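What follows is a set of notes on a single structure, which appears directly below.
The values are calculated or read from the model by the stated rules, or taken from the named source; none is laboratory data. On a predicted model such as this, the values are computed, not experimentally measured, just so you know. Here the Cβ is made from the backbone with ideal geometry for all residues, glycine too, and neighbour counts use every protein chain on show.
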Amino acid sequence: MSPTQAKVPETKKTTPSTRSGGKQPKPEIANPTPPTERKPWFDPSRIGWDLAAVLFLALGLILGLAVLGFTRGVIPDLILGSARRWFGLGRYLLPLALFGGGWLLLLWRNGRGAPFSVGRVVLVELGLLCLLGALSAFSGETVLEIEAGTSLGGSTGWGLAHPLSGLLGSFGAGLLLGLLSLLCLLYGLNVFSRVEAWARLKAGLEPVAAESPALPAQVSAPAPMEGNRPARQPLQTAPKEIKSQMTLPLSYQKKRTEPVRDKKADVPLERPDALPPLSLLELEKPAVTNEAAIKQNAAILERTLAEFGIPAKVVGHRVGPSITQFAVEPGYIEKNGDPEERQKVRVAKISGLSRDLALALKAERLRIEAPVPGESYVGVEVPNTVHTIVKLRPILESEEFLALHSPLAFPLGKDVSGAPMVADLAVMPHLLIAGTTNSGKSVCIAAITACLAMNNKPDDLRMVMIDPKRVELTRFNGLPHLLGPVETDLERIGSQLRWAVGEMENRYKILEEAHSRNLDTYNARMLHSGKPTLPRMVIIIDELADLMLSSPEETDRALVRLAQKARAVGMHLIVATQRPSVDVITGNIKANFPARIAFTVASLMDSRVILDSPGAETLLGKGDMLFLNPQTGQLQRSQGVYISDAEISRIIAWWQPQTQKSAASPAPQTEKTALPDESLTSPWEQQVSEDAQDGDEGLIKQAIDVLRRTNRASASFLQRQLHLSYPRAAWLIDELENRGIIGPAQSGGKNRQILLDGIENEPADADE
């Protein structure tokens, strides 16, 4: 019978059934071995050892106070006087030795072993004795000095140094004893092993523990059963008593591939001189893994599932920056008590216990990936106690990023195994990001922007940024990759999107004339003929909800047109929103944005809107994300990249001297996409002016139609009829009055007079 078999619980509490001809086999569930039983505190046979431990502790404390001059007495003076004669300066170590001896006796009394071996203690003591002999030899002490109590090495040091001084002289004896003392102290304090472990860690190898106790190689015997449930085991089990060896499947043996670099070295990887060096970016602090907590959580998972009648086994784990994913292999359960008739545990039963597992593990949030794509395991993702901040530089240096060979490659962060996750915007070709406030959405956009600026020259990549929040993307102002300043005015953003649509259509005309099917083909032909090329363009929108609230139809129409056609001409969209609802992320937008990133969302419904599946509501926040891969259709979890304001400032400062040079170069595109000059004018300014004129005149015509139909004129009335903001409606009332279409405001709460021909000017009550 498999170790993971158990009887199916028919009722809430059942008794194990028996079969004729044999005993009912009990389910074998991997549980941690019970902790080592400690000896009771009261043991008459150990009273002598207890008194000795207390005596050593008290005597060590009293002598320590006496050495420091805080107490005097006959016994301390007698002991210190004898120690001064026998050990000289070594008397100052006597209180420490006595106190340490009492402490070791207490450890052994409670059933614990010594934290160090006896051999190393002997080496340290020999080293200290040789040190006393070296001091006595170098000082040339006499017997009179020893009797007077002024000797450095005492009688012990003089006894070691005197015979050697007759053979080697005082200097030779002191040198020999000093070297012996140094050698004994180095071996006794395990200095060589620690230096070797540090050197291996620096070289990128696995550190070797000097005296770590060997962990058991196999799982202990199953715990006794109480009824049909295994007996509870204490949660505070020592790490070495839990299942120590977890055989990882190949997918769980993925190691980090980023090169190991010396933190002190400030020499970046080889990069073109035209691109910023990687030294502008910060290094990443090494991750700290708590193996004891991992093993304890694995045991708790197995035990908790067993308590609910689910035989399962933790076969591996992967440690990421923010979570640890445990690979749980479901076991088998018997049908009708027949060992030959067994059934695999349903995955739905494990995924339905997410809250119970979170309670057992004391985790705030817990996500279950059932199953792991392409594997026969269920992934239980438990938050780490200490989160690791993922930086941009290690990912740019990783093999995963360099293997893309794409100018639009950008980092996603690190996955559940700590390996870099990267993506290519040119393949997506557009990206939709959603997440609540403080979930890491704006930081993700900043990291993508910084990565694109690090790997592309302004002549090769241009960016258009829209930030209705006014605080996130405005820090990129001054970057020469921007076609214009970051747009924050909602009145101008609509015109900016219309300009983008016009720029897309204009690029299609250019490609049609050149008989090229996409931007890469066109640029290759232009380079071959020595003509200027067209740069790629990335349009970044930080908050889509504000745009959809002000002008939903216009925004949806522009984004859908760009998403459907802009890929071939080298234009890509990155759109983010805090509110992934159906009125913001419409069906047309979702259909044209197959690549999506979800940070923490407020509800299950929001997760289904952005990802078409649950899971985003269980994320931890602060960069924890789920990436929907458009190529595979699978969800991948990662910890997003964090980039500081100082790093962004260094990147912009490095590119600043390139601004004048880029602006002075001949324009590689048409007039609409010309590089910005020193005045930082935007290429969409003409579109904004035209839309403003057309919009004002069109709005006035709509207001006149309303006046003809209703014979009423007030700011609040026009605000409701034309769906305007109140400042816009007030401006419209003033403009109509200036043009002589309506009369001035009247007292008494009466409506304005309508001065149009053919309309009776009957006064009416003003609209509230």
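Exactly one residue out of 287, 293, 274 is surrounded by 14 or more Cβ atoms within 10 Å (Cβ to Cβ), at pLDDT 85 or above and not assigned by TED's automatic domain parsing to the domain that holds residue 653, and it is 293. May I ask you to list the residues in segment 525-557 that are assigned to a helix (DSSP H, G or I) and buried (at least 22 other Cβ atoms within 10 Å of the Cβ)? Those that are assigned to a helix (DSSP H, G or I) and buried (at least 22 other Cβ atoms within 10 Å of the Cβ): 544, 547, 548, 555.
Taking residue 613 as the residue in question, decide whether it is in contact (Cβ under 8 Å) with a residue 40 or more places away in the chain and in the same structural domain as residue 475 (by TED's automatic domain parsing). Here the answer is no, as residue 613 does not meet what is asked. All told, residue 619 meets the bar of being out of contact with any helix residue (DSSP H, G or I) (no Cβ under 7 Å at 6 or more places or on another chain), surrounded by 20 or more Cβ atoms within 10 Å (Cβ to Cβ) and at pLDDT 90 or above. Among helices (runs of 4 or more DSSP H) entirely within segment 341-420, having at least 3 residues that are within 29 Å of residue 292 (Cβ to Cβ) and modelled with pLDDT of 90 or more singles out 354-361. Is it fair to say residue 597 is in contact with a Phe, Trp or Tyr (Cβ under 8 Å, 6 or more places away or on another chain), hydrophobic (A, V, I, L, M, F, W, C) and modelled with pLDDT of 90 or more? In short, yes. Determine whether residue 279 is among the small types (Gly, Ala, Ser) and surrounded by fewer than 22 Cβ atoms within 10 Å (Cβ to Cβ). The answer is yes for residue 279. Just to be sure, is residue 496 closer than 30 Å to residue 728 by Cβ and in a helix (DSSP H, G or I)? Yes.
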